[in-house]
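All remarks here apply to the structure that follows.
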Amino acid sequence: MPIHYRSDGDVAVLQIEHPPVNALSLEVRRGLIEALARAASDPAIRAAVIIGAGGSFPAGADIREIASGAALTPPILLDVIGRLETFEKPLVAAIEGVALGGGFELALACHARIAAPGARVGLPEVKLGLIPGAGGTQRFTRLAGPQAALEAITSGEHLPAARALALGVLDAIAAEPLAQAIIWARRLADEGAVPRASEREERTAGVDPGLFSAWREAHARKYRGQLAPGRIVDAIEAACTRPREEAFGLERQYFLECRDSPQRKALMHLFHAEREARKIPGVGPDVEPAPIRRAAVLGAGTMGAGIAVCFANAAIPVTLLDATEAALERGLSRIRELYRESVERGRLSAQQAEAALGLIRGATGDAPLGEVDIAIEAVFEDPALKREVFERLDRNTPPHAILASNTSTLDIDRLAAATGRPQQVVGTHFFSPAHVMKLMENVRGTASSPQTLATVMALAKRLGKIPVLAGNCDGFIGNRMLQYYGAEAERLLEEGATPEQVDAVIESFGFAMGPLAMRDLSGNDVGWAIRRNRILPPDERWSPILERMAAEGRLGRKSGQGFYRYEGGRRRHNPEALALIESVSRELGIERRAISDAEILTRLLHPLVNEGAKILAEGIASRPGDIDVVYVHGYGFPAYKGGPMYWAEQDGLEKVIATLERLAPSHGQRWQPAARLLEAARRGGWDAEANAQPA
Ligand code: 3HC
Ligand code: NAI
């Protein structure tokens, strides 16, 4: 039975025990209804406390049940919450660990909520393409007011207990939440229960309706194309403007609309894919990650400084090394600046920032390497320099230490060969800015040992990152796919599209930034320098546009103009860039034509999917979902479309094949549909099982 019932004198304690996270699946819902009936009918019981075992007051509805798409077997969560609302005796929730989604909705329907100091609560449904469906938007708004509800529920953030208490959605914080909850329950039984959240109106009466229109306007760009965030705003507005019954009914209606939407399906696919991606094929759970107590990061540049911050934020002491005092100081001052900004924006308290900064040391000599468990190099992307750095790391770190590279493209095996411990060499590819971007693309070298892999995957979790394990090849998963996308954007320009049109198509698809605005951001000289080192097969060519842009000093944002002109940070049409593009078309003898948005979209995204299929066939990615996770968390692919592989499968793999068959004659053999893509189209899907073979 997932509900353990016991009595503590005159208080019934209902403990939910349904590992791993006490999700509110059918057995739990049934068990709760039965336990409530027992507590109601026992005259010796005057009040009840609900608690979750194992550090989780339910973490929500059972995602697997929702994902199955099948109609839920009653009692549904709404029935359980309805029973809580009509329960005759005082009810208190005792929260240890997390109370999320439907779990927090359960707590919100109690008379009071007591949480442990380290507890986190919240309504993260939006991250799954849902809105809270069991009264969460209504009760939260009635307790905390609409502004706080808009902020918390549209972001889906987990609120630390202290913040939740300040907002009014918790009633107390206690080191022993269960003991305190029993005391509260008894007191409520003595003094008469306080009104429930659903009965309170002081925070929802007289709210200025302009709050909601202003919120919608301010977030229009962020919510573009998405269903759930807007519906959350509608539901919170209803809590303030409609009669109670009607507002609760509207929330339910919006929940069902979101639940049945393709966006919900895509986001749940991603939730599942992120968790699958942590599992390493061929490495079982019996392989223990090595402890990481101290780290070193070599290279105090853009990436090294960000990576050091990741360690410090996870409370792991880290030494940042660079070749010169000047370079080191640049890195350290960038770090101080990052923490200053975090404090200014309220993301960290001054003490937290101070504590994190205290964990970062700087050095130019090798002595600090002698005490680390992992060293990550982030020096210039130069193979000879990197090999030299690996030799140095091998000489100066303890024999057990893991040596990792943040390289975006270089061969991990060649770096491993520079050391006497290839089994402890691995790639840890962070994305820029490293302290913000969630993806960590770990790269498995031929010799990387199971423990090394388990260690960097576990490290990612400790650093708050989402890891994916890639095989060793040029560009790994993400950058290998990206080469087609960038190249095709320029081919579209040659044929008649404008930078504005190309970017608008990609941005309205849901990416934060189109490919040409992105080039301007990273610098056209940088893009050209990377391209110059790449060798194309003889039947392919680069468009000369990027090289011309770099040669003419149209470097992008940093030089004030590139594909766009920049005025006060805003991008504007650049007639000179268009003239350059048109002259390239003329020189190549291409007659410019009108190109449809649909053509732009498919020509940019379908080649990504084709390369994804090759990456799967070669075992560079273990599952299609791994590629989706990489693209969503590293490259800005809209999460609510599930990632490129999922999106293509939903949209029709035969369409991908058709695009590639059209492009291959003019673009080269590599653009032919891949065998794995043709096979997937024949089978009607990627069939993830065909790749992943976890131990
Ligand atoms: N339902 C079913 N399974 C769940 C689940 C849920 N709500 N939450 C987590 N799990 C599963 C995971 O899939 C994973 O399974 P696996 O071991 O087979 O891969 C296992 O529990 C452990 O989860 P994590 O690996 O994510 O563990 P962490 O310790 O890293 O994180 C957590 C724990 C913070 C609870 C995280 O799992 C989480 O954020 N879960 C989702 C919370 C959520 O979104 N709740 C809202 C659900 S929708 C809802 O409630 C609708 C309602 O309004 C009607
Ligand atoms: P950067 O040029 O900003 O920093 C490199 C740093 O390494 C400099 O501070 C330099 O002084 C230092 N350095 C050079 N030789 C050294 C040595 N022998 N010992 C110690 N320090 C030395 O470079 P960036 O952008 O931080 O890139 C670093 C690595 O990260 C590269 O491999 C790059 O490919 C990779 N990367 C870069 C990303 C980006 O967006 N910038 C994204 C992901 C990976």
>> Going residue by residue through the stretch 304-323, is there one that turns out to be under 30 Å from Pro160 (Cα atoms) and hydroxyl-bearing (Ser, Thr, Tyr)?
In response: yes
>> Return the residues of the stretch 458-475 that are more than 20 Å from Leu415 (Cα to Cα) and open to solvent by 10 Å² or more (accessible area, probe 1.4 Å); say none if nothing qualifies.
In response: Ala458, Lys461, Arg462, Leu463, Gly464, Lys465, Ile466
> For the subset of the stretch 31-75 comprising residues that are closer than 27 Å to Lys265 by Cβ and assigned to a helix (DSSP H, G or I), which member is farthest from ligand 1 (Cβ to nearest atom)?
Replying inline: Ser68
> Which condition number does Met457 fail, the rest of (1) of a type outside the set (D, E, K, R); (2) more than 26 Å from Pro317 (Cβ to Cβ); (3) modelled with pLDDT of 95 or more being met?
Replying inline: (2)
> When His158 is evaluated against the numbered criteria (1) open to solvent by 10 Å² or more (accessible area, probe 1.4 Å); (2) farther than 21 Å from Ala61 by Cβ, which criterion, by number, is the only one it fails?
Replying inline: (2)
> So which of Ile307, Ile280 ends up being touching a Leu at 6+ places or on another chain (Cβ under 9 Å), in the same structural domain as Asp366 (by TED's automatic domain parsing) and closer than 19 Å to Met440 by Cα?
Replying inline: Ile307
> Does Ile374 satisfy being within 19 Å of Val443 (Cβ to Cβ) and hydrophobic (A, V, I, L, M, F, W, C)?
Replying inline: yes
> Of the conditions (1) under 23 Å from Ala12 (Cβ atoms); (2) under 30 Å from the mean Cα position of the chain (by Cα); (3) part of a loop (DSSP other than H, G, I, E, B), Lys89 fails just one. Which one is it?
Replying inline: (2)
> Out of Arg203, Arg216, which single residue is assigned by TED's automatic domain parsing to the domain that holds Val13 and without any contact (Cβ under 8 Å) to a residue 40 or more places away in the chain?
Replying inline: Arg216
> Which residues, taken from the stretch 1-30, are touching a residue at least 12 places away in the same chain (Cβ under 8 Å), over 24 Å from Thr73 (Cα atoms) and not in a loop (DSSP other than H, G, I, E, B)?
Replying inline: Ser7, Asp8, Val11, Ala12, Val13
>> Looking for something over 30 Å from Glu377 (Cβ atoms) and in a helix (DSSP H, G or I) - is there at least one such residue anywhere in the stretch 271-280?
In response: yes
>> Could you check the stretch 430-457 and list, in sequence order, the residues that are out of contact with any Lys or Arg (no Cβ under 9 Å at 6 or more places or on another chain), touching a residue at least 40 places away in the same chain (Cβ under 8 Å), outside any helix (DSSP H, G or I) and open to solvent by less than 20 Å² (accessible area, probe 1.4 Å)?
In response: Ala434, Glu441
> Name the residues in the stretch 403-415 that are open to solvent by less than 10 Å² (accessible area, probe 1.4 Å) and touching a helix residue (DSSP H, G or I) at 6+ places or on another chain (Cβ under 7 Å), would you?
Replying inline: Leu403, Ala404, Ser405, Thr407, Leu415
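Does at least one position in the stretch 663-678 carry a residue that is within 26 Å of the chain's Cα centre (by Cα) and modelled with pLDDT of 95 or more? Talk me through it step by step, then tell me what you get.
Within the stretch 663-678, the first condition is being within 26 Å of the chain's Cα centre (by Cα), and the residues that meet it are none.
Looking for residues that are within 26 Å of the chain's Cα centre (by Cα) and modelled with pLDDT of 95 or more, one finds none in the stretch 663-678, hence no.
State the number of residues belonging to the stretch 398-425 that are in a loop (DSSP other than H, G, I, E, B), within 16 Å of ligand 2 (Cβ to nearest atom) and of a type in the set (Gly, Ala, Ser). Don't jump to the end; show me each part of the working.
Narrowing the stretch 398-425 to residues in a loop (DSSP other than H, G, I, E, B): 398-401, 406-411, 418-421.
Still in the list and also within 16 Å of ligand 2 (Cβ to nearest atom): 406-411, 418-419.
Applying the additional criterion that residues be of a type in the set (Gly, Ala, Ser) yields 408, 418.
Number of matching residues: 2.
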> For the stretch 505-524, which residues satisfy the criterion of being in contact (Cβ under 8 Å) with a residue 60 or more places away in the chain and open to solvent by 50 Å² or more (accessible area, probe 1.4 Å)?
Replying inline: Ser508, Ala512, Met513
>> Which count do you get for residues in the stretch 366-380 that are more than 29 Å from the chain's Cα centre (by Cα) and within 10 Å of ligand 2 (Cβ to nearest atom)?
In response: 1
>> Every residue in the stretch 386-432 that is of a type in the set (Gly, Ala, Ser) and more than 25 Å from Tyr635 (Cα to Cα), please.
In response: Ala401, Ala416, Ala417, Ala418, Gly420
> Residues that are surrounded by 21 or more Cβ atoms within 10 Å (Cβ to Cβ) and away from ligand 1 (no atom under 16 Å from the Cβ): which strands (runs of 3 or more DSSP E) entirely in the stretch 307-397 hold 2 or more of them?
Replying inline: 318-321, 374-377
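The values are calculated or read from the model by the stated rules, or taken from the named source; none is laboratory data. Source: prediction; values computed, not measured. Counting neighbours? That spans all protein chains shown, and the Cβs are built from the backbone with ideal geometry, glycine included. With ligands, DNA and RNA removed, areas are computed over all heavy atoms of the protein, side chains included. Shrake-Rupley method; radii C 1.70, N 1.55, O 1.52, S 1.80 Å.
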